[in-house]
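Participant: Below is one structure. I have some questions about it.
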């Protein structure tokens, strides 16, 4: 943003490396402030500020919650090189010339900054601001923001260790016990980077009378803190699902994968804003609350080299090895239905019994699908079909 007047044609900040997408702790932010005027103008001082802060703001009823945390403050007075100045340090700028004030400052070391962030109720922002002070005139201001990304390595022993757990839930119908649903899941590590595959090994068991569906999703949790209050937003980023599990059956995921989408790394070092991730493995139970198991994830900025490649290259077809009841077929049609043109055999898995969403409109109890066969043909029609070679059908 630039506050311009008729006397000022150009007042802008240009970084030394415009192609640089982000900075890290310890990097040097350098550049120049360009000024060009259309009329002669006296500038008493040109000040430069390097600023970085986190801010949270949201409404809680009639109360407005606000909180700020500062992570960067740099101040300097810039001078023009080979330009005469008055005793008070002021300088006269003349039209037709372009003036450049150079600057450079070092960011705090790694661990003292937090990554740039922009969310619904808060942000972390870094910028360079230039202030042009003029005698007896308003101060002119221009600003240019830059991104900071703090490295987060997922190669630590803690993040390379497996994570897992188990959950079970007793299901009732009208306060009458109706069996239970259980899950047991495990992942080989907790630290991942964008684009990597999370390999899930899990077992699901259903002893209730309902058809249940196992699913998994990557969840982002944004936490905002202001004035002693906390606001939490949860967002589902990507998800996968398994086969329907009927009553009395179980199913297993052997290396089922879910890809980490393009997301910001975890932000754990800010006092008022936190961004955390989790792998949520859950079972959708019609007419009841979901059975949920959450395994914490850390999304980092450093890859896992050959190990990540070997994990992502696993054959995703392994997840289909656990198909059980969905491959069942209906018995072949009765031999006496010789002129039936409609194929009543079930050639597809029974997945339409439960829709692919988490609402409560799915059937609660498992009902065997009714396969209606047309009425048997008259024997006279059968004689015509078999060219007069009619057979006597037994009476059932």
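Nothing in this text is a laboratory measurement; each read-out follows from the coordinates by a stated rule. What you are looking at is a predicted structure, and each value in this text was computed from that prediction instead of being measured. For neighbour counting, all protein chains shown are included, and Cβ atoms are generated from backbone atoms with ideal geometry for every residue, glycine included.
Participant: Compute the distance in nm between two label points, each set 7 Å from the Cα along the Cα-to-Cβ direction, one at residue 45 and one at residue 133.
Facilitator: According to this spin-label approximation, the distance is 0.3 nm.
Participant: With an 8 Å cut-off on Cα pairs and a minimum separation of 6 or more residues, tell me the relative contact order of the range 110-204 in percent. Write down the numbers at each step before the final one.
Facilitator: Numbers: 137 pairs, mean separation 18.7, N = 95.
Relative contact order comes out at 20 percent.
Participant: Taking neighbour counts of Cβ atoms within 10 Å as a proxy for exposure, in what order, fewest first, do 267, 249, 40 appear?
Facilitator: Taking fewest neighbouring Cβ atoms as first place, the list is 40, 249, 267.
Participant: By per-residue mean of other Cβ atoms within 10 Å, what is the highest-first order of 251-258, 213-220?
Facilitator: Numbers: 251-258: 19.8, 213-220: 21.2.
Order by mean packing, descending: 213-220, 251-258.
Participant: Could you tell me how many cubic angstrom of Cα convex hull volume the range 209-301 has per residue? Intermediate results must be reported in sequence, preceding the final value.
Facilitator: On the way: hull volume 10.4 nm³, N = 93.
Dividing the Cα hull volume of the range 209-301 by its residue count gives 112 Å³.
Participant: Still on this structure: Taking 0.36 nm per residue of sequence separation and subtracting the Cα-Cα distance, how much length would be gained by fully extending the chain between residue 155 and residue 239, in nm to one decimal?
Facilitator: Working: separation 84, 0.36 × 84 = 30.24 nm, distance 2.51 nm.
Length gained between residue 155 and residue 239: 27.7 nm.
Participant: Starting from the Cα of residue 262, step 7 Å along the direction of its Cβ; do the same at residue 64; then give the gap between the two resulting points in nm.
Facilitator: Spacing of the two 7 Å Cα→Cβ label points: 3.6 nm.
Participant: Still on this structure, I have one more. Once you have the alpha carbon radius of gyration of the range 8-146, what is it after dividing by 2.2 N^0.38 Å, with N set to its residue count?
Facilitator: Working: Rg = 17.8 Å, N = 139, 2.2 N^0.38 = 14.3 Å.
For the range 8-146, the normalised Cα radius of gyration is 1.24.
Participant: Here's another thing I want to ask about it. Modelling each spin label as a point 7 Å along the Cα-to-Cβ direction, I'd like the residue 232/residue 290 distance in nm, to one decimal.
Facilitator: About 1.5 nm separates the two model spin labels.
Participant: Below 8 Å between Cα atoms, with a sequence gap of 6+, how large is the relative contact order for the range 202-310 in percent?
Facilitator: Numbers: 209 pairs, mean separation 33.8, N = 109.
Here the relative contact order equals 31 percent.
Participant: Calculate, in nm to one decimal, what residue 221 and residue 90 gain on full extension: separation in residues at 0.36 nm each, minus their alpha carbon distance. List each step's numbers first, then the result.
Facilitator: Details: separation 131, 0.36 × 131 = 47.16 nm, distance 5.15 nm.
So the chain would gain 42.0 nm between residue 221 and residue 90.
Participant: Sort 127, 193 so the one with the fewest other Cβ atoms within 10 Å of its own Cβ comes first. Mind dumping the intermediate values first?
Facilitator: Numbers: 127 16, 193 19.
Sorted ascending by nearby Cβ count, the order is 127, 193.
Participant: While we're looking at this one, here's another question. Using Cα-Cα distances under 8 Å and only pairs 6 or more residues apart, what relative contact order does the range 1-139 have, in percent?
Facilitator: Details: 280 pairs, mean separation 46.3, N = 139.
Worked out over the range 1-139, it gives 33 percent.
Participant: Between residue 102 and residue 118, what is 0.36 nm times their sequence separation minus the Cα-Cα distance? Round to one decimal in nm. Don't skip to the answer; put the middle values down first.
Facilitator: Working: separation 16, 0.36 × 16 = 5.76 nm, distance 2.94 nm.
Net length gain for the segment: 2.8 nm.
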